[in-house]
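What follows is a single structure, written as structure tokens, with notes after it.
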């Protein structure tokens, strides 16, 4: 297997870890989440069901594009930032829904949003259409970080 395919496969594996990890830790059906105070500007629940499948698909495609078109060093840099951002996002999911550590969760999600900035920048240097396709993810995690801080302040 060439390095280009290995990088693309690594990105897809990270997406799968992200999707599975989120599914394991995110729990909106219990009484805790239902009873916490949420800001009035929180998106409706159905939006989450639309944006996450889109995000996961686009992030997987972006990893393939990076693996096929970018230099090895650029590809590895992208994959590193992607892996770190997913680790931060999964840390948020765990801290928020399991021990209900709202401060730690908000910090983790802010870190996620910051780590996606270099990813998006790299994508703009490789494929503008792909970068535009990933922009909803960048915007989503930034909004989610603000939402997490808002929930922390309300509870």
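The values are calculated or read from the model by the stated rules, or taken from the named source; none is laboratory data. Since the model is a prediction, treat every value here as computed from it, not as a measurement. Every residue, glycine among them, receives a Cβ derived from its backbone with ideal geometry; neighbour counts consider all protein chains shown.
Annotations for the structure displayed:
- Failed item, numbered, when residue 116 is tested on (1) over 13 Å from the mean Cα position of the chain (by Cα); (2) under 19 Å from residue 18 (Cβ atoms); (3) without any contact (Cβ under 8 Å) to a residue 60 or more places away in the chain: (1)
- Taking first residues from segment 20-36 that are modelled with pLDDT of 90 or more and partners that are surrounded by fewer than 15 Cβ atoms within 10 Å (Cβ to Cβ) and not in a helix (DSSP H, G or I), the Cβ contacts under 9 Å between residues at least 6 apart in sequence or on separate chains come to 36/100; 36/155.
- Residue match in segment 74-81 (condition: out of contact with any helix residue (DSSP H, G or I) (no Cβ under 6 Å at 6 or more places or on another chain), touching a residue at least 60 places away in the same chain (Cβ under 8 Å) and more than 17 Å from residue 133 (Cβ to Cβ)): yes
- Screening residue 7 with (1) more than 18 Å from the chain's Cα centre (by Cα); (2) assigned to a loop (DSSP other than H, G, I, E, B) gives one miss only, at (2).
- Hey, residue 130 under 18 Å from the mean Cα position of the chain (by Cα), more than 25 Å from residue 23 (Cβ to Cβ) and in contact (Cβ under 8 Å) with a residue 24 or more places away in the chain or not: yes
- All positions within segment 62-73 that are free of Cβ contacts under 8 Å to residues at least 60 places away in the same chain and crowded, with 22+ Cβ neighbours inside 10 Å: 63
Conditions (1) out of contact with any helix residue (DSSP H, G or I) (no Cβ under 6 Å at 6 or more places or on another chain); (2) closer than 22 Å to residue 64 by Cβ, marked per residue:
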residue: 104; (1), (2): no, no
residue: 110; (1), (2): no, no
residue: 122; (1), (2): no, yes
residue: 133; (1), (2): no, yes
residue: 146; (1), (2): yes, no
residue: 151; (1), (2): yes, no
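- Answer from 79, 50, 14 - the residue that is over 30 Å from residue 150 (Cβ atoms) and out of contact with any strand residue (DSSP E or B) (no Cβ under 8 Å at 6 or more places or on another chain): 79
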